[in-house]
Amino acid sequence: MGLKNELIELRKSTGMNKRQFSEYFGIPYRTFQDWELGNRRVPEYLFRLMAYKVRMEGLVEEKGEDST
């Protein structure tokens, strides 16, 4: 699995849409969109930092979690 697909899975695991995720990390929306579309490569170090922050801040949504 390439970083593009891993990035998509990371974002989806948080329950955020592309705009929310890019704003959370301070990444221009167009840049983030290009990463997910495969038009540009996400730097590996940056992907690792985002994955670390998602894990450390508990941003991963639990499957079947009720938001009420």
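Looking at segment 17-61 only, could you name the residues that are under 13 Å from LEU7 (Cβ atoms) and among the aliphatic types (A, V, I, L, M)?
ILE27, LEU37, VAL42, LEU46, LEU49, MET50, ALA51, VAL54 - these are the residues of segment 17-61 that are under 13 Å from LEU7 (Cβ atoms) and among the aliphatic types (A, V, I, L, M).
Anything in segment 17-36 that is without any contact (Cβ under 8 Å) to a residue 24 or more places away in the chain and hydrophobic (A, V, I, L, M, F, W, C)? List them, or say none.
Once the filter is applied, which keeps residues that are without any contact (Cβ under 8 Å) to a residue 24 or more places away in the chain and hydrophobic (A, V, I, L, M, F, W, C), segment 17-36 yields PHE21, ILE27, PHE32.
For segment 1-60, name all the residues that are among the β-branched types (Val, Ile, Thr) and part of a helix (DSSP H, G or I).
Once the filter is applied, which keeps residues that are among the β-branched types (Val, Ile, Thr) and part of a helix (DSSP H, G or I), segment 1-60 yields ILE8, THR14, THR31, VAL54.
Among the residues of segment 37-52, count how many are in contact (Cβ under 8 Å) with a residue 12 or more places away in the chain and closer than 14 Å to ILE27 by Cα.
4
No lab work stands behind these numbers, since they all come straight from the coordinates. Computed from a predicted model, the values in this text were never measured in an experiment. Because the Cβ atoms are built from the backbone with ideal geometry, glycine has one as well, and the counts that use them run over all protein chains shown.
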